[in-house]
Amino acid sequence: MASDLVFVPLGGVGEIGMNIGLYGYGEGRKRRWLMVDCGVIFGDPAQTPGIDLILPDIRFAKSLKGSIDALVLTHAHEDHFGAVLDLWPELRCPIYATPFAAALLEAKRASEKGVAKPEVREIPQGGRFKAGPFEVEFIPVAHSIPESSALAIRTPVGLALHTGDWKIDPTPVIGLPTDERRMREIGEEGVAAVIGDSTNALREGKSASETDVAISLADLIRTAKGRVAVTTFASNVGRLRAVADAALACDRQVVLIGRAMKRASDVGRMLGYFDGIPEFLEPSAYGYLPRDKVVALMTGSQGEPRAALARVAEGSHPEVTIAKGDRVIFSSRAIPGNEKAVGRIINGLVAGGAEVITDRTHFVHVSGHPRREEIAMLYGWLKPQLLVPVHGEELHMHEHAAFAKEIGVPKVARVGDGQMIRIAGGPPEIVDEVATGRMLKDGKVLIQSTESTIGERRKLAFAGVVTVAVAIDAQGVMAGDPEIRFTGLPSRDDEGEQMFVVLRDTVLDCLEGLPKPKRRDANAVATAIERSVRAELNLVWGKKPVCHVAVIGV
């Protein structure tokens, strides 16, 4: 069997988020592996109640332990590096990252108790390193976070270009633009395959520049009469810098509100991205500054209920208020699924008298992902033999694949999570399939998404829970009254009867209807009461709650 280069995504294909992939070089089971990114997606309160983060199931990667030579991070967005701290102890391979990603990872680790410190090796943008049979080069690309990189992955059978998240922005506020010269050189070297970002493949034209947004934000801050609050992704340090520059030009001071905002800004300042900008102030300073002398940078642009802006909107923040005459700028776009939560916050702010500005009415946000004209430019520079679309929902990847064929990419191959595709050293084809899935971070515990936990929670949210305890002696006679507790049920039934009375009478009728021999069987009693309670509640309420019955022998 000849050596080849394969790629297998473990997440991030068919969805936005949870990006993680493996490149393997060698012969079959003797392959050495390179992992690229290790991200999360955020839980949906309706579908996964109580779950904040969803992580990839890396059982296949764990089976390769000892054969994974490195984990490489393209950048420090949560959907690309958010699972590292939870999953790295299962891998124990060296991590390679740019200084910003490495510093933000360490800041996250330091903020959580008892988290193992991973082995991180810093590589500057433009730098290279070798790991096993792989040589990896970090190529600067523009994106909505500092030091994003595409990866040129060289092997003896060919070069793969992993784009990561990128766009073509010749004038970013901070950091390097996408390196056209280096991309063209790599194209001349020969690119066997591009593993490419599909996020904006449906959109025509080119993305606007971060500098254009900075100009618009500066005008909005300059013309504000009262306080200004700006909410955006905390990791978008370029956007934070643009707001800080605008505030400085208007003689306003910047107050940081939200832990994630402070963490990202501290890392950015440490690395020089806020040189020339005065130190940001703590939330306690907000109320003491004149209304026309403050700009607040807040977390909460995606409607997160515990973030700073949500608490301000509902009037529960201990140090920050927004009132009539104040201006709130959403320098962001709601991620699909977050629209209702964002809308609630906007409505709360408007009800309090604030002027709310979003990307629907003003130019306050640009995407960090490429549109079609940019995709065509990059593929023109690289001249890849093969495209494998990733990082997108099915529609995004379908359109990306079709567009690549239109502009002359010789071969295009679609894969799903777990499908292993040969991308060099032989014809492109699916050569294997591996196990994939999702892990749910439930508090401090990781659980399989297939466990019954979340389904049970959804049932509790839909119909509540009833708990019944009865004591029965050896003759099958009930000792005392049944103990009944319920949560999430209405206080009365459809005819106005108290729900407690309905439940009590149902339990008593059930016991009276059981023959004495059955009453001595605790399991039979519990099953009969559970069925009777659920059936009666379905009759008088229309729902069947979870019902727990404890039978105590006396």
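The values are calculated or read from the model by the stated rules, or taken from the named source; none is laboratory data. Just so you know, these numbers come straight off a predicted model, no measurement behind them. All Cβ positions, glycine included, derive from the backbone under ideal geometry; neighbour counts span all protein chains shown. Accessible surface is based on the protein model in full, side chains and every heavy atom, while ligands, DNA and RNA are left aside. Shrake-Rupley method; radii C 1.70, N 1.55, O 1.52, S 1.80 Å.
The combined condition, being over 24 Å from Met261 (Cα atoms) and either touching a Ser or Thr at 6+ places or on another chain (Cβ under 6 Å) or open to solvent by less than 30 Å² (accessible area, probe 1.4 Å) (or both), is not fulfilled by Ala214. Residues considered: Thr453, Thr506. Of these, the only one that is closer than 26 Å to Gly39 by Cα and surrounded by 15 or more Cβ atoms within 10 Å (Cβ to Cβ) is Thr453.
If you go through region 465-486 and keep only what is touching a helix residue (DSSP H, G or I) at 6+ places or on another chain (Cβ under 8 Å) and either open to solvent by 50 Å² or more (accessible area, probe 1.4 Å) or under 15 Å from Val546 (Cβ atoms) (or both), you end up with Val466, Val468, Gln475, Val477, Met478, Asp481, Ile484, Phe486. When the strands (runs of 3 or more DSSP E) confined to region 433-477 are screened for residues that are under 30 Å from Val502 (Cα atoms), those reaching at least 3 such residues are found at 465-472.
Each row is one residue, and each column tells you yes or no for (1) within 28 Å of the chain's Cα centre (by Cα); (2) at pLDDT 95 or above; (3) part of a loop (DSSP other than H, G, I, E, B).
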residue	(1), (2), (3)
Gly196	yes, yes, no
Ala201	yes, yes, yes
Glu204	yes, yes, yes
Asp212	yes, yes, no
Ala218	no, yes, no
Ala229	yes, yes, no
Ala246	no, yes, no
Val255	yes, yes, no
Ser265	yes, yes, no
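The conditions of being under 24 Å from Trp166 (Cβ atoms), assigned to a strand (DSSP E or B) and touching a residue at least 60 places away in the same chain (Cβ under 8 Å) are met by Gly21.
In the set (1) modelled with pLDDT of 90 or more; (2) open to solvent by 50 Å² or more (accessible area, probe 1.4 Å), Lys444 fails one condition alone, (1). Of the residues making up region 121-160, just one is within 18 Å of Gly268 (Cβ to Cβ) and of a type in the set (Val, Ile, Thr), namely Ile145. Being free of Cβ contacts under 8 Å to residues at least 24 places away in the same chain, open to solvent by 10 Å² or more (accessible area, probe 1.4 Å), closer than 28 Å to Gly50 by Cα and not aliphatic (A, V, I, L, M) is a property that holds for Pro318. Filter region 353-411 down to the residues that are more than 27 Å from the chain's Cα centre (by Cα) and among the basic types (Lys, Arg) and list them by number. Result: Lys383, Lys405, Lys411.
Answer with yes or no whether Gly300 is assigned to a loop (DSSP other than H, G, I, E, B) and open to solvent by 50 Å² or more (accessible area, probe 1.4 Å). For Gly300, the condition - assigned to a loop (DSSP other than H, G, I, E, B) and open to solvent by 50 Å² or more (accessible area, probe 1.4 Å) - is not met.
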